[in-house]
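The values are calculated or read from the model by the stated rules, or taken from the named source; none is laboratory data. The structure displayed is predicted, hence computed values, not measured ones. Backbone-built Cβ (ideal geometry, glycine too); neighbour counts: all protein chains shown. The area values use the complete protein model at the heavy-atom level, side chains included, leaving out ligands, DNA and RNA. Shrake-Rupley method; radii C 1.70, N 1.55, O 1.52, S 1.80 Å.
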Amino acid sequence: KTTGFNTSQERVFSVGDLIDRGPDSIEVLSWLQEPWFHAVRGNHEQMLIDCISGQGDIARHSRNGGAWLYELPPEIQQTLCSALQNLPLIIEVELLDGRIAGIVHAETPHRHNNDTWQHAKDAVTGRWGTTCQRLALEKALYARSKIESQDEVSIQGIDQIYVGHSTVPSVTRLGNVVYIDTGCSFDDGTLTLIELNTQSFNSVSTRMT
């Protein structure tokens, strides 16, 4: 736990990929039971859901860190699947000054470049139909187009958006989108924590010594 963290007053939000990145993936069940811990679904959670539901590619998941899952009893696999299916694609947090921060794993799942945050939420909830909802799911979990093109246009209708998925050497800002996956699952990476109200951040080395 972070020094001074008060579990009765403070919360931790994760940008996803809680599994497949080390030997303790099963511990996700314990984390998700904590009332102060909240996470959006990442593509690794989705791969587990798809595979246990009979719709995924087990060989691909195993190559990408998921081999641990298939060593577990089927009932534990189902418990994990059920827990991860409950994770939202988007979280909104109202900050102390009234600003709104959004959290999504990979990229804001809007349909068009000039769409707002509300459009993205509508797409995720199925307002624009099942095809659009499926595309929104794919974008929220897997997309990298914004960072690959270094697109600095801000997403309208939201003050700040925090994402993971795309590993960056240090916290990277493109418009009002903040990339915080600084590679904590790699030997030379760091784990980055951001205080949402102040936007200040700390990065802790995960290098094995």
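Data for the structure
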item	result
Cleavage-rule hits, trypsin sites (Lys or Arg not before Pro), the stretch 77-178, DSSP coil, Cβ neighbours within 10 Å at most 14	R99, R127, R144
Rg(Cα) / (2.2 N^0.38 Å) computed for the chain, rounded to two decimals	1.01
Computed lengthening from L96 to R60, 0.36 nm per intervening residue step minus Cα-Cα distance	8.7 nm
Prolate/oblate/rounded label for the stretch 1-121 (Cα gyration tensor, a/c 1.5)	oblate
Relative contact order (percent, whole number), the stretch 93-209, Cα cutoff 8 Å, 6+ residue spacing	21
13 Å cut-off, amide nitrogen to a point 7 angstrom out along V12 Cα→Cβ, residues in the stretch 33-58	33-39
Expected 222 nm ellipticity per residue - DSSP helices of 4 or more, -39500 (n - 2.57), all of the chain, to 500	-7500 deg cm²/dmol
Global form of the stretch 72-113, assessed from the alpha-carbon gyration tensor, a/c cut-off 1.5	oblate
L193, L72, L48, reordered so the largest accessible area comes first (probe 1.4 Å)	L193, L72, L48
Solvent-accessible ranking of S14, S170, largest area first, probe 1.4 Å	S170, S14
For the chain, the longest site-free run once GluC sites (Glu not before Pro) in DSSP loop states with at most 13 other Cβ atoms within 10 Å are removed	11-151
For the stretch 36-80, radius of gyration divided by Kirkwood radius, i.e. Rg to Rh on alpha-carbons	0.98
Contour minus Cα-Cα distance for E71 and S154 (0.36 nm per residue)	25.5 nm
Three-way shape label, the stretch 152-192, alpha-carbon gyration tensor, a/c 1.5	prolate
Fluctuation leader among D122, D188, D17 - the chain, Gaussian network, Cα springs under 10 angstrom	D188
Per DSSP, loop chymotrypsin sites (Phe, Trp or Tyr not before Pro) in the stretch 1-96 with at most 16 further Cβ within 10 Å	F5, W36
Label-point gap, in nm, between S200 and S170 - each point 7 angstrom along Cα→Cβ	1.8
